[in-house]
Amino acid sequence: MRKAKPLRSEMGWSSRDRITVRGFDLTKDLLGKIDLGAMAWLEITGRLPDAREAEVFNALLVTLVEHGMTPQAISARLISTCAPEAMQAAVAAGLLGVGSVFAGGSEEIARVLQAALADTAADADLAAIASAVVEDYAARKAPIPGLGHPLHKPIDPRTPVLFAIAEKNGYRGRYVALLEAIGAAAEARLGRNLPINATGAIGAILSELGFPWRICRGVAIIGRAVGLVGHIAEEMRNPLGHEIYQRIEHGVTENATSGRGEG
């Protein structure tokens with residue numbers, strides 16, 4: 001007979017007069033003493049960040065909050081139009097779109113960087129490693145994660161700021177250097193401008209902070225959830241969802257009607 005595994009979690013528990021979160025008393029140790037970024041760090045890592053970690057991590061979260069009228073934000077607004085009584089459904093709809101194209105790309109570049117530097121010496125030839133990464137993607141005709149942006153050229157304005165904050169706090173190390181080497185190798189190999197984008201910078205810096213690559217998309221979700229609540233709040237003040245729906249329906253119907261009898 002199978003022996004049941006003891007059900008144990010270090011996340012949090014409550015008694016009649018105490019709420020414990022990751023070993024801290026919520027009311028005595030955390031409320032009014034830490035910000036949301038530090039709370040997120042505590043939940044993920046099991047410890048509070050030091051001042052340098054907190055500054056870098058909060059900068060990453062702030063970067064991820066708002067990206068304008070993305071498909072994620074539009075999805076949240078449309079679901080809010082359908083079910084205005086269920087904000088959680090609208091936010092969930094938007095978060096389902098945190099993927100390789102919008103906001104979630106930090107996961108993939110972190111995976112690449114962490115795999116490339118696993119078990120390597122401190123003085124490993126980063127240029128050679130970068131060339132191997134680029135050749136692998138070029139051979140598969142696959143886009144290199146963390147590089148390129150449809151709008152921001154020749155640089156993504158967020159990237160140098162994030163790298164500067166990381167450097168100021170001692171977190172501009174081998175992962176950032178390898179990403180920069182990959183960017184240089186990719187531009188030389190492909191012959192076009194490929195700036196390191198914000199999600200690439202975030203993936204590299206999260207790697208510097210010690211986050212496993214599988215957690216990186218979760219960090220993006222934390223930031224983006226705040227932005228989606230903001231979009232829904234604006235939707236309440238200035239509804240756009242119904243207008244978006246009507247324009248699409250009108251365009252599709254008009255094109256379907258005008259196409260009758262063709263072919």
When the chain is modelled as a GNM with alpha-carbon springs shorter than 10 Å, which of Val252, Val65, Val133 fluctuates the most?
Val252
On average over all directions, what projected area in square nanometres does the range 1-124 have, based on the convex hull of its Cα atoms?
14.5
Size of charge dipole - the range 123-263 - debye, nearest 20, with Cβ of Lys, Arg +1 and Asp, Glu -1, no other charges:
120
Residues whose built amide H sits under 5 Å from the amide H of Ile19, excluding neighbours closer than 5 in sequence, are Leu26, Thr27
Remind me, what semi-axes does the range 191-263 give for its equivalent ellipsoid, largest first in whole Å, using sqrt of 5 times each Cα gyration tensor eigenvalue?
40, 22, 11
The range 106-138 to the range 214-263: how many Å between their Cα centroids?
37
Please list, ordered by chain and number, the residues whose modelled amide H lies under 5 Å from the amide H of Gly12; skip anything fewer than 5 residues away on the same chain.
Arg22
Given charges at Cβ of Lys, Arg, Asp, Glu: the range 181-258 dipole, positive-most of Thr257, Gly200, Tyr245
Gly200
Once both labels are modelled 7 Å past Cα along the beta-carbon direction, what's the Ala89-Thr257 spacing in nm?
3.0
Nearest 0.05, what FRET efficiency do Ile221 and Lys141 give at R0 = 41 Å with Cβ-Cβ as r?
0.90
What list of ³J(HN,Hα) couplings, whole Hz, do you get for the range 177-185 from phi and the Karplus terms 6.51, -1.76, 1.60, once you set θ to phi - 60° and write x for glycine and proline?
4, 5, 4, 5, 5, 5, x, 5, 5
Please give the charge dipole size of the range 191-263, origin at the Cα centre, charges +1 on K and R Cβ atoms and -1 on D and E Cβ atoms. Round to the nearest 20 debye.
320
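Given the Cα-Cα distance of Asn238 and Ser9 and 0.36 nm per residue of separation, how much length would full extension add, in nm?
Difference between extended and current length: 78.1 nm.
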I need the P(r) histogram for the range 111-153: all alpha carbon pairs, bin width 10 Å from 0 out to the longest distance, whole percents.
23, 47, 25, 4
J(HN,Hα) series, the range 51-63, from Karplus relation 6.51 cos²θ - 1.76 cosθ + 1.60, nearest Hz, glycine and proline x
4, 5, 4, 5, 5, 5, 5, 5, 4, 5, 4, 4, 4
Which ³J(HN,Hα) values in Hz, rounded to whole numbers, follow from the phi angles of the range 13-21 under the Karplus curve 6.51 cos²θ - 1.76 cosθ + 1.60, where θ = phi - 60° and Gly and Pro get x?
7, 9, 10, 4, 10, 8, 10, 10, 10
GNM flexibility winner over the chain from Arg174, Arg192, Arg217 (Cα, springs under 10 Å):
Arg192
Which residue fluctuates the most in the chain, going by a Gaussian network model with Cα springs under 10 Å, if the choices are Asn238, Asn197, Asn169?
Asn238
Please compute, for the alpha-carbon atoms of the chain, the extent along each of the three principal axes and give them in descending order in Å.
67, 61, 51
Pop the C-beta distance of Asp125 and His152 into the FRET formula with R0 = 30 Å and round what comes out to the nearest 0.05.
0.50
Accessible area of Asp123 in the full protein assembly, 1.4 Å probe (Å², nearest 10)
130
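The values are calculated or read from the model by the stated rules, or taken from the named source; none is laboratory data. Nothing here was measured: the structure is a model prediction, and the numbers come from that model. A quick note on method: Cβ atoms are made from the backbone with ideal geometry, for glycine too, and the neighbour counts reach across all protein chains shown. Areas reflect the complete protein model, heavy atoms only, side chains present, ligands, DNA and RNA absent. Shrake-Rupley method; radii C 1.70, N 1.55, O 1.52, S 1.80 Å.
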